[in-house]
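First the structure, in the form of structure tokens, and then the observations on it.
The values are calculated or read from the model by the stated rules, or taken from the named source; none is laboratory data. Bear in mind that the values here come from a model prediction, so they are computed numbers and not experimental data. Cβ placement follows ideal geometry from the backbone for every residue including glycine, while neighbour counts extend to all protein chains displayed. The protein model used for the area step is the full one, side chains on, heavy atoms only, and it has no ligands, DNA or RNA in it. Shrake-Rupley method; radii C 1.70, N 1.55, O 1.52, S 1.80 Å.
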Amino acid sequence: MDDLETVRLLSELAQETAKENQIDFGMLSISEKETFDLLASEVYEKFKGMEGIENERLVLLGTIVNLAVQNFVLNLQLLKK
């Protein structure tokens with residue numbers, strides 16, 4: 001599988017899991033698909049440069065933590081409105 005196919009697959013998987021938690025993309029200047037494609041590409045590029053299973057796990061965990069923090073902060077901002 002080449003890089004472009006991998007990014008496409010990551011984007012599709014993320015979009016599928018996002019169906020459980022609907023996000024309002026109306027406030028963005030790009031489409032939902034473009035958002036997922038962009039972030040899938042960014043995550044893949046970070047992951048691709050790592051070698052060895054330990055580094056891969058750390059990158060995955062770091063990415064999960066980053067996404068959780070972003071989600072937490074955005075939810076707090078929404079609650080304040």
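Using a probe of 1.4 Å, the accessible surface attributed to Lys33 totals some 120 Å² when neighbouring protein chains are kept in position.
Projecting the Cα atoms of Val59, Phe25, Val43 onto the charge dipole of the chain (Cβ charges, centred on the Cα centre) puts Phe25 farthest toward the positive pole.
Between Phe72 and Thr6, how high is the FRET efficiency from 1/(1 + (r/R0)^6) when r is the Cβ-Cβ distance and R₀ = 30 Å? Nearest 0.05. Walk me through the numbers on the way to the answer.
Numbers: r = 28 Å, r/R0 = 0.94.
For Phe72 and Thr6, the calculated efficiency is 0.60.
Within the accessible surface of the chain, defined with a 1.4 Å probe on protein heavy atoms only, the carbon and sulfur portion equals 62 percent.
Of the GluC sites (Glu not before Pro) found in the range 1-62, those that fall in a DSSP loop while having at most 11 other beta-carbon atoms within 10 Å are Glu20, Glu51. If you take semi-axes √(5λ) of the Cα gyration tensor in Å from the coordinates, which of (1) 25, 17, 10; (2) 26, 16, 9; (3) 21, 19, 12 do you get? Calculated semi-axes √(5λ) of the Cα gyration tensor in Å: the matching label is (1).
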